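Participant: Below is one structure. I have some questions about it.
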Amino acid sequence: MAESLAPLVVALAENALIPLQAIPNFDLGMAALAVGLAAFGAGYAERGIGAAAVGAVAEDDDMFGRGLILTVIPETLVILALVVVFLTL
């Protein structure tokens, strides 16, 4: 599907009123958008995990470690997004 969209994106970029290279800090803005969307996705995933972890810990105190690990896993998405941004810029 990405291959079929590539000519369309190139045509839109070539016929744009303002070329993307003329926009100052366009790459930084797109990097910030990528990290922001990753953080939003991690927060969305964490809402259910956090509620389940709190419920499990309320029932059994031994579940704290598992709940903490499962709550931290979505945050690795944001860390990986930041690593990708720093490597590409």
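Participant: Which ³J(HN,Hα) values, rounded to whole Hz and listed in residue order, are derived for segment 65-81 from phi using the Karplus coefficients 6.51, -1.76 and 1.60 in 6.51 cos²θ - 1.76 cosθ + 1.60 with θ = phi - 60°, glycine and proline given as x?
Facilitator: Calculated HN-Hα couplings, in order: x, 5, x, 5, 5, 5, 6, 7, 4, x, 5, 5, 4, 5, 4, 5, 5 Hz.
Participant: Place a +1 charge on the Cβ of each Lys and Arg in segment 24-88 and a -1 charge on the Cβ of each Asp and Glu, then give the dipole magnitude about the Cα centre in debye, rounded to the nearest 20.
Facilitator: Roughly 280 debye for segment 24-88.
Participant: Given 0.36 nm per residue, what is the gain on full extension from L87 to A39 after removing their alpha carbon distance, in nm?
Facilitator: Between L87 and A39, full extension yields an extra 15.5 nm.
Participant: Right, here's the next one. Tell me, what is the FRET efficiency for I49 and V10 to the nearest 0.05, using R0 = 35 angstrom and their Cβ-Cβ distance as r?
Facilitator: Computed FRET efficiency for I49 and V10: 0.30.
Participant: Can you list the residues of segment 74-89 with backbone N under 15 Å from a point 7 Å past the Cα of D27, pointing along Cα to Cβ?
Facilitator: Counting only backbone N, you get 84-89.
Coordinate-derived values only; no laboratory data. Worth saying up front: this structure is predicted, and the values here are computed from it rather than measured. Every residue, glycine among them, receives a Cβ derived from its backbone with ideal geometry; neighbour counts consider all protein chains shown.
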